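First comes the structure, then the notes that go with it.
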Amino acid sequence: MNPRVPMRTTPPTAEVIAFVNDLKAVIGRHTNLSAQEMLAGASQLVGNLIGLQDQRTMTPDMAMEVVAANIETGNETVIEGLMDTKGAA
């Protein structure tokens, strides 16, 4: 990737969706952790994944762009899910 070329966003593949669902299942097993602790742990994992990127093809800035874009996508997905739920009386 050329750092001067803007990153394109594409819908996730079935494999990426399955990966994210597996991660959510793991998170769901750790009910003893607070939301803040889960966020801290997940952030450490993201840091590990950034460190594993090929520095010849992805700069740290590019990696952070991927992270930021996908944080937004994740937030939107949760908000849409919350808006679609019906309250129980």
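Structure notes:
- The residue pairs whose first member lies in the stretch 74-87 and is free of Cβ contacts under 8 Å to residues at least 24 places away in the same chain, whose second member is assigned to a helix (DSSP H, G or I) and surrounded by 10 or more Cβ atoms within 10 Å (Cβ to Cβ), and whose beta carbons are closer than 9 Å, counting only pairs six or more residues apart or on different chains, are GLY74/VAL20.
- Within the stretch 33-51, the set of residues being surrounded by 10 or more Cβ atoms within 10 Å (Cβ to Cβ) and of a type in the set (A, V, I, L, M) comprises LEU33, MET38, LEU39, ALA40, ALA42, LEU45, VAL46, LEU49, ILE50.
- Leading residue by the ranking (farthest from the chain's Cα centre (by Cα)) among those in the stretch 72-89 that are charged (D, E, K, R) and modelled with pLDDT of 85 or more: GLU80
- Of the criteria (1) over 15 Å from the mean Cα position of the chain (by Cα); (2) surrounded by 10 or more Cβ atoms within 10 Å (Cβ to Cβ), which one VAL20 fails: (1)
- Those residues of the stretch 25-61 which are in contact (Cβ under 8 Å) with a residue 40 or more places away in the chain and not polar (S, T, N, Q), in sequence order: MET58, ASP61
- Any hit, the stretch 53-61, residues being surrounded by fewer than 10 Cβ atoms within 10 Å (Cβ to Cβ) and under 17 Å from the mean Cα position of the chain (by Cα): yes
The values are calculated or read from the model by the stated rules, or taken from the named source; none is laboratory data. Quick caveat: nothing in here was measured; it's all calculated off a predicted structure. With ideal geometry, Cβ positions are generated from the backbone for all residues, glycine too; neighbour counts draw on all protein chains shown.
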